[in-house]
Each structure stands twice: as structure tokens, then as C-alpha cells.
Amino acid sequence: MWNIEEIKKDVRKNLKDYRYNHSLRVMEEASSLAKHYHADIKKCMLCGLTHDMCKELTDKENEEFIKKHNLPKELLNPENKNIIHGVIASILVKEKYNFTTDMVLAIKYHTTGYPKMDLIAKIVYLADKIEKGKDYKGIEEERILAYQDIDKAIILCLNNQIKHLKEKNESINKIGYDTLKYLKETTN
Ligand SMILES: [Fe+2]
């Protein structure tokens, strides 16, 4: 696996300043959540750093990647427009940096979570939502809950995500609803 400094330089090349800075803040937040919950700090930091590394690919580049890697064409459909960058990044981090399976999954589903997500995936999902540069309605409550009860924090974030998307006449990917359902059933 490459080291963090090498990966930073590589990620930097593919992102605009604001998104690279967001990635660094997600890395920091992931590190602090990992310390709090006794997760693998390095793995969480690396996932935070790389989770959006494919978010600035063009439609054409996405299409070529899908073809080359024999991925389902449905990924190019509108309902998947918010998750495709995670899917592509999850393949690249394995190919390029040799990330482990738990990291690959955390990156693949960082936008929606997934049912039965592990601690690394939970941390990466939350760090992306609550990093220090973000400011939206309800974030303070999310930030507090993130360090009190990680599952309840994810439920709150998913519900807020759904609400915000509805306001824009958009909807969360089906996996987001599946995650919410699963967490509600398994969390007291
Ligand atoms: Fe992000």
C-alpha cells in the first residue's frame, strides 16, 4: 500500500482546490472518529482522503471506465449519478494503492452507507457529512451525535440527506433507504 503523502499527491492531481481541501478535512474527521471509536486510524484516514478522487471525471470518462471494467451500464443512469464516483474510486484504490476490502467497501458506499456496514464504513460515511467545512441545517446535531452514538448519527444523517434531496426534487439512491431500514431495525 502507498503511504499517505504519496496518495495525497496523487489525489491532488485529480481534484479542484475546494474538493481536495474537503478530502483533507474528511481525512482529519475520519481520524478523530477512528480514535474515538478505536477503529484503524490509518485505514479511516486513507478512505477519507480518497473517497471523492473520481468525482470530477466527465460523463465520457465514467462511461469508458464502466466499459473497460465490465460494470453494469445502469450505473450511468440518473438514479446512480450520486454514487458512481464512489463505485469507480473503490476499484481504483484497489488497483492503484492495494487498499483492503473493508476500505474498498467504505469508499464504494460512502454516499449512502450500506446495510451491515462495518465501523470503517460508518466512520467514512459520517466524516464526509460532518467535516469542519460543512454547514447546513441540522449539522450541529449530527456532529454531536456522531461522537455519542454512531448508528443513531447515521440514521439522522440519512434522514437529513433524504429531506435535503427532496427539497431539490431529487431522491437518495435505493441503497440509502436500505441502509436506513437496516439501521432502524437493528438500533435501539
Ligand atoms: Fe465527500
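Return the residue satisfying two criteria in turn: it lies in region 30-44 and is crowded, with 24+ Cβ neighbours inside 10 Å and out of contact with any Gly (no Cβ under 7 Å at 6 or more places or on another chain), and of such residues it is nearest to residue 82 (Cα to Cα). Before you say what the answer is, go through the steps one by one.
So in region 30-44, the residues crowded, with 24+ Cβ neighbours inside 10 Å come out as 30, 33, 44.
Narrowing further to those that are out of contact with any Gly (no Cβ under 7 Å at 6 or more places or on another chain): 33, 44.
Values: 33: 24, 44: 21 Å.
Ranking the qualifying residues of region 30-44, first place goes to 44.
Residue check: is residue 93 within 16 Å of the ligand (Cβ to nearest atom), touching a Lys or Arg at 6+ places or on another chain (Cβ under 8 Å) and either assigned to a helix (DSSP H, G or I) or at pLDDT 95 or above (or both)? Give the derivation first.
Working: within 16 Å of the ligand (Cβ to nearest atom): yes; touching a Lys or Arg at 6+ places or on another chain (Cβ under 8 Å): no; either assigned to a helix (DSSP H, G or I) or at pLDDT 95 or above (or both): yes.
Criteria not met by residue 93.
Counting the residues of region 47-90 that are assigned to a helix (DSSP H, G or I), surrounded by fewer than 18 Cβ atoms within 10 Å (Cβ to Cβ) and of a type in the set (A, V, I, L, M) gives 2. Looking only at residues of region 58-90 that are in contact (Cβ under 8 Å) with a residue 40 or more places away in the chain and not acidic (Asp, Glu), we find that the one that is farthest from residue 15 (Cα to Cα) is 80.
When restricted to residues that are closer than 20 Å to residue 150 by Cα and surrounded by 14 or more Cβ atoms within 10 Å (Cβ to Cβ), region 161-181 contains 8. Looking across region 158-172, just one residue is assigned to a loop (DSSP other than H, G, I, E, B) and of a type in the set (Val, Ile, Thr), and that is 172.
Residues that are within 13 Å of the ligand (Cβ to nearest atom) and among the hydroxyl-bearing types (Ser, Thr, Tyr) were ranked within region 1-35; the one that is nearest to residue 119 (Cα to Cα) is 23. Looking across region 113-134, the residues that are within 15 Å of residue 151 (Cβ to Cβ), more than 9 Å from the ligand (Cβ to nearest atom) and not hydrophobic (A, V, I, L, M, F, W, C) come down to 113, 114, 115, 116, 118, 122, 125.
Whenever a residue of region 140-154 is surrounded by 15 or more Cβ atoms within 10 Å (Cβ to Cβ), its partners that are β-branched (Val, Ile, Thr) and part of a helix (DSSP H, G or I), lying with C-beta atoms within less than 7 angstrom and at least six residues away or across chains, give the pairs 142/130; 143/130; 146/130.
Within region 34-68, how many residues turn out to be basic (Lys, Arg) and either touching a Cys at 6+ places or on another chain (Cβ under 9 Å) or closer than 29 Å to residue 149 by Cα (or both)?
Narrowing region 34-68 to residues basic (Lys, Arg): 35, 42-43, 55, 60, 67-68.
If we keep only those that are either touching a Cys at 6+ places or on another chain (Cβ under 9 Å) or closer than 29 Å to residue 149 by Cα (or both) too, we end up with 35, 42-43.
Qualifying residue count, region 34-68: 3.
The values are calculated or read from the model by the stated rules, or taken from the named source; none is laboratory data. This one's a predicted model, so the numbers in the text were calculated from it and none came from an experiment. Quick reminder, even Gly has a Cβ in these numbers, built from the backbone with ideal geometry, and neighbours come from all protein chains shown.
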